[in-house]
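Everything on this sheet refers to the single structure shown next.
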Amino acid sequence: MLVAITVFSMVMVIAVGALLTMVDANRKAQALGSVMNNLNFALESMTRNARIGTSYHCENDTTPTNIVAPLDCPSGGVLFAFEPFNGNPSIASDQVVYRLRNQRLERSVNGGSTFVAVTAVEVQIESLTFRVVGAPRAPIDTLQPKLVVTLRGTAGTSPRVKTTFALQTVVSQRVFDI
């Protein structure tokens, strides 16, 4: 009887340990899923708005300057601005601007006067690059404006849950510009 109770106790300890490990893994997966959903929403929102925008502008400085003028940066920049749908191309204060600051993606809807973080604090973006080609409108422009966004970073609520990610997406301006 004593041997049976000892064997039963050992089996129960192992089973409870496995159950607790599974519960902990489920918690980590849910937390990471929530963080990745936040990143996905931020990136999807940015690309959707850029797709219907015009006058793509890209810079290597995080402080916007002349964002009304379309500007290519095929080698990559850290700031991306565009004229939103139904915006006035001659007014800089209605431009939408995205940039990386303090490892978070920030957005401004007033030409870069005020920025709001659009990613959660659990998402740390280590590098964010905007590449724009075909932005300048010229009489002999044969390129449809296109934006390539590349980002790398980590996501997670604690060091044990952190995971690295690398994302890239391409946006082509919906308004025909050829």
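The values are calculated or read from the model by the stated rules, or taken from the named source; none is laboratory data. The structure presented is a predicted model; accordingly, all values stated were derived computationally and were not measured. Cβ placement follows ideal geometry from the backbone for every residue including glycine, while neighbour counts extend to all protein chains displayed.
Okay, here's what the table says:
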quantity	calculated
Restricting the range 149-168 to residues that are of a type in the set (A, V, I, L, M) and over 17 Å from Val97 (Cα atoms), the residue that is surrounded by the most Cβ atoms within 10 Å (Cβ to Cβ)	Ala155
Residue match in the range 108-127 (condition: within 24 Å of Asp72 (Cα to Cα), in contact with a Phe, Trp or Tyr (Cβ under 7 Å, 6 or more places away or on another chain), surrounded by 13 or more Cβ atoms within 10 Å (Cβ to Cβ) and of a type in the set (Phe, Trp, Tyr))	no
Matching entry among Val175, Val171, Val133 (being surrounded by fewer than 15 Cβ atoms within 10 Å (Cβ to Cβ), within 17 Å of Ile52 (Cα to Cα) and of a type in the set (A, V, I, L, M))	Val175
Qualifying residue in the range 56-66 (condition: among the acidic types (Asp, Glu), part of a helix (DSSP H, G or I), free of Cβ contacts under 8 Å to residues at least 60 places away in the same chain and surrounded by 10 or more Cβ atoms within 10 Å (Cβ to Cβ))	no
Residue pairs meeting the criteria (Cβ under 8 Å; at least 6 apart or on separate chains; first within 18 Å of Val96 (Cβ to Cβ), in the range 116-133; second among the small types (Gly, Ala, Ser) and not in a strand (DSSP E or B))	Val118/Ala42; Val118/Ser45; Thr119/Ala42
Verdict on Arg48 being within 16 Å of Pro145 (Cα to Cα), at pLDDT 90 or above and out of contact with any His (no Cβ under 7 Å at 6 or more places or on another chain)	yes
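Rundown of residues vs (1) touching a residue at least 24 places away in the same chain (Cβ under 8 Å); (2) surrounded by fewer than 17 Cβ atoms within 10 Å (Cβ to Cβ), yes/no style:
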site	(1), (2)
Leu20	no, yes
Leu32	yes, no
Ala50	yes, no
Gly53	yes, no
Gly76	yes, yes
